[in-house]
There are 10 protein chains.
Amino acid sequence: MFHGMVMPTAIVMLKIDHRKVTGTAEKLLEIPDIAEVYSVSGRFDLLVVVRSDSVDKIESVITDALLKTEGIVESETMFAFRSLDKREGGRAIDVD
Amino acid sequence: MFHGMVMPTAIVMLKIDHRKVTGTAEKLLEIPDIAEVYSVSGRFDLLVVVRSDSVDKIESVITDALLKTEGIVESETMFAFRSLDKREGGRAIDVD
Amino acid sequence: MFHGMVMPTAIVMLKIDHRKVTGTAEKLLEIPDIAEVYSVSGRFDLLVVVRSDSVDKIESVITDALLKTEGIVESETMFAFRSLDKREGGRAIDVD
Amino acid sequence: MFHGMVMPTAIVMLKIDHRKVTGTAEKLLEIPDIAEVYSVSGRFDLLVVVRSDSVDKIESVITDALLKTEGIVESETMFAFRSLDKREGGRAIDVD
Amino acid sequence: MFHGMVMPTAIVMLKIDHRKVTGTAEKLLEIPDIAEVYSVSGRFDLLVVVRSDSVDKIESVITDALLKTEGIVESETMFAFRSLDKREGGRAIDVD
Amino acid sequence: MFHGMVMPTAIVMLKIDHRKVTGTAEKLLEIPDIAEVYSVSGRFDLLVVVRSDSVDKIESVITDALLKTEGIVESETMFAFRSLDKREGGRAIDVD
Amino acid sequence: MFHGMVMPTAIVMLKIDHRKVTGTAEKLLEIPDIAEVYSVSGRFDLLVVVRSDSVDKIESVITDALLKTEGIVESETMFAFRSLDKREGGRAIDVD
Amino acid sequence: MFHGMVMPTAIVMLKIDHRKVTGTAEKLLEIPDIAEVYSVSGRFDLLVVVRSDSVDKIESVITDALLKTEGIVESETMFAFRSLDKREGGRAIDVD
Amino acid sequence: MFHGMVMPTAIVMLKIDHRKVTGTAEKLLEIPDIAEVYSVSGRFDLLVVVRSDSVDKIESVITDALLKTEGIVESETMFAFRSLDKREGGRAIDVD
Amino acid sequence: MFHGMVMPTAIVMLKIDHRKVTGTAEKLLEIPDIAEVYSVSGRFDLLVVVRSDSVDKIESVITDALLKTEGIVESETMFAFRSLDKREGGRAIDVD
């Protein structure tokens, strides 16, 4: 495991204006450092995974790009203290 | 994009008994079809990504294995209707 | 549309004890007047459709049978004032 | 039980603008793949059952048609991992 | 107890625009089938009791008249499956 | 309208232990000053109307009798500042 | 204890528009029967104590004056069934 | 206005175990610095006003005495930044 | 520990309009008595620490300056009854 | 500003068992990397500031020490993406 390659990760859940859901997922994926976008069931409409080289950059991606996307009416952000992934053999990938 | 390889995905958020958080993430990752586990900030403690060959199998992984893991006090499941991933060139990966 | 055949309907959402989800859906379906059971994503685990000949019987199915099923930790009931169904040609089926 | 005929199902709960509830249920039922609409008591006003041939199509019915209907002020979607129905002899109808 | 005279009942809780509470209770009582209106403490401002000859009529009173009254900002409806009343000797009045 | 006959009124919503709902409504109606009990849909199971000669007596009925009934797991009380009733010709019945 | 001097009491919690908090407490205190105003921490901004000669008058103070004050965005009212005060020697002051 | 006499104030809302509400208000009033206790309608059962000579003493009254009273199942505390009282001529009583 | 130097402290959590998060933290820090601003994950966007010489001044900083900053859509304030800090050797710093 | 000295920060809000609040703040401050503990008004009882050399260490302090402290009944964690502090001249201290 190469330490320098492990990236800080945040998960952002978004509620989208009902008339603007179409196409928003695709628009979000064009933002640099947004790695995955899921269209989900439940109280939120989209779940977005952000991965950057630094915690500081994650915050500026969320604040300056993600949350400025049109149609967002509510957001809730979770920061991943640790990421475990089967492809890494089940060992914890620590974010330092 | 090979259609048969796209897998149905669910995201499960878990609140864990305060005295049993240590080691629970690792234990969950041993369950087949659990692809990723994040230790997260916020109202929940863990966010789990489940990927199976069928919607039916996702439900049995969640019901028969994930939710039976010791220490879980609350859960909320989101089903991913669509998954978009940068590695796939920004196109939608539809789950049929 | 034969009026006498239209049946009062209630929808009950259930949160189930994590260790007892397996088999609960099947057990609920054995209760008379429980027409459909869905295993669902979200804050609840099961969504149950109850259809009886009378409002009074719906209440006794919910109170005396459904809610006494083992493993239920929370419930929320919705009463259907009207039911519209594509098979009936899109017209409202009123519950009198 | 013919496997190919089992259809993925989602349940959408809707809160409607107070002045626009009349007629909204009928309008929703005209959308293809919307199978049932219930006018319900509780925090929501309508409960909608969507059945499509694929998970992907369910998402586009919800996003591109259902949620664009006039008067919707809030929505919460549940995905049915499994559907059990008395008409099928009480056996589980798995959604693959 | 004459069965035909027992009437389906719904209880509607209403939050009213702060500047329009005065007079709203009186206006609501003029609507046919609205039997009682209470000005209440708590999260809601008014509690309304609706009694009609049929479940179907209750829904149209709520949808077409009650919720169209000016100043309503939020509503939550409860359907009474059973009504017990001291004047009837403590026996249940079933709503069929 | 005889002023002295107007009685202070409180509405109590109750969530009942799932295994003890049967018979609780009848037991509550035996408590003096409990005028009506409704078995309702929604987040609560029962809605109870309490009418006494004085505000002070309402509180002791709720505290010393109603809330001590077996099986109550949650309660929320609303006090009726004013009661309007169709039988009184639509005029407000003030509670002094 | 002179019975006629004990006054019905309500406590109203208010959320105020962020730009209009300054001066609102003072403006509220000018309303007759508003006895105390607290600027509080928490989800609400102000807690107001209303004391009138009758329950009916409390309701009209809240509805016709308090809630019409500019800047109120949310309110929740509690009615005091009983008031105990150290200055009265610890005995309950009943509100009849 | 004599500054030394103005006392820091906190308001504590309490939910009480249903079987132990009787007598709890009286027991709380015996605690030094608890000035008023109201038995209230709504989600909480009691509202307690605490007045001490110092912010520090308020906290110890709440933590070491009030919250240790038997039967309390939930609490929410509000601190009064300012107290306005009609008896003081409508001027703000600042808490320093 | 010099008593005069211990300062009353409040913590304010803020939800900011999605399009105005950039730069708001810096603008808030320019307000006198705002000691720290954190850009946080979760339901809120910013957590602000306010320290003043008096409780009264804290309230005017929050009401007259902090809450008037552009872009704030929701706020929740916590008052610190006691502050413990490692730099003070682990002893409580009481706020009188 | 020396970059190496800037430390990742998390804020943890805790609800404490009513009978065990006394002394818990002091016990928490003994845990390494717990920098500040506030006894607060509101829905939570304590607000804890955790500062470590790495994000990974913050998570183990929270999981392996903080949350294992006796008496904690609920917790909610916020991660500070950025920390601004007056002592640093109002400039952002980025956490990389």
Practice problem: Among the residues of region I:67-84, write down those that are within 12 Å of chain H (Cβ to nearest Cβ) and closer than 16 Å to I:F44 by Cα. | Solution: I:E76, I:T77, I:M78
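Yes or no: region G:15-36 includes at least one residue that is under 27 Å from I:F44 (Cβ atoms) and under 13 Å from the mean Cα position of the chain (by Cα).
Pass one, region G:15-36, residues under 27 Å from I:F44 (Cβ atoms): G:15-25.
Next cut, under 13 Å from the mean Cα position of the chain (by Cα) only: G:25.
Yes: region G:15-36 contains one or more residues that are under 27 Å from I:F44 (Cβ atoms) and under 13 Å from the mean Cα position of the chain (by Cα).
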Quiz item: Across region A:2-51, which residue is farthest from A:T63 (Cα to Cα) among those that are free of Cβ contacts under 8 Å to residues at least 12 places away in the same chain and assigned to a loop (DSSP other than H, G, I, E, B)?
Solution: A:F2
Practice problem: Please work out which residue is surrounded by the fewest Cβ atoms within 10 Å (Cβ to Cβ), limiting yourself to region E:68-82 and to residues that are part of a strand (DSSP E or B) and without any contact (Cβ under 8 Å) to a residue 40 or more places away in the chain. | Solution: E:R82
Exercise. Quick one: count up the residues across region J:42-56 that are modelled with pLDDT under 95 and closer than 23 Å to B:L14 by Cβ.
Key: 3
Quiz prompt | Hits in region B:7-21 - residues which are β-branched (V, I, T) and more than 18 Å from B:E74 (Cβ to Cβ) | solution = B:T9
Self-check item: Residues (among the basic types (K, R), touching a strand residue (DSSP E or B) at 6+ places or on another chain (Cβ under 6 Å) and more than 14 Å from chain B (Cβ to nearest Cβ)) located in region D:17-58
Solution: D:R43
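Restricting attention to region C:66-84, and to residues there that are aliphatic (A, V, I, L, M) and more than 12 Å from the chain's Cα centre (by Cα), which single residue is farthest from F:D17 (Cα to Cα)?
Of the residues in region C:66-84, the ones aliphatic (A, V, I, L, M) are C:66-67, C:72-73, C:78, C:80, C:84.
After this cut, where a residue has to be more than 12 Å from the chain's Cα centre (by Cα) as well, the list is C:72-73, C:84.
Details: C:I72: 10, C:V73: 9, C:L84: 33 Å.
The extreme case among them is C:L84.
Right, A:V61: assigned to a strand (DSSP E or B) and either closer than 22 Å to I:S39 by Cα or at pLDDT 95 or above (or both) or not? Can you show your working first?
Working: assigned to a strand (DSSP E or B): no; either closer than 22 Å to I:S39 by Cα or at pLDDT 95 or above (or both): yes.
Criteria not met by A:V61.
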Exercise. Among the residues of region A:11-67, write down those that are surrounded by fewer than 19 Cβ atoms within 10 Å (Cβ to Cβ) and among the small types (G, A, S).
Key: A:G23, A:A35, A:S54, A:S60, A:A65
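The values are calculated or read from the model by the stated rules, or taken from the named source; none is laboratory data. Keep in mind it's a predicted model, so treat the numbers as computed, not measured. Don't worry about glycine lacking a Cβ; one is built from the backbone with ideal geometry, like all the others, and counts go over all protein chains shown.
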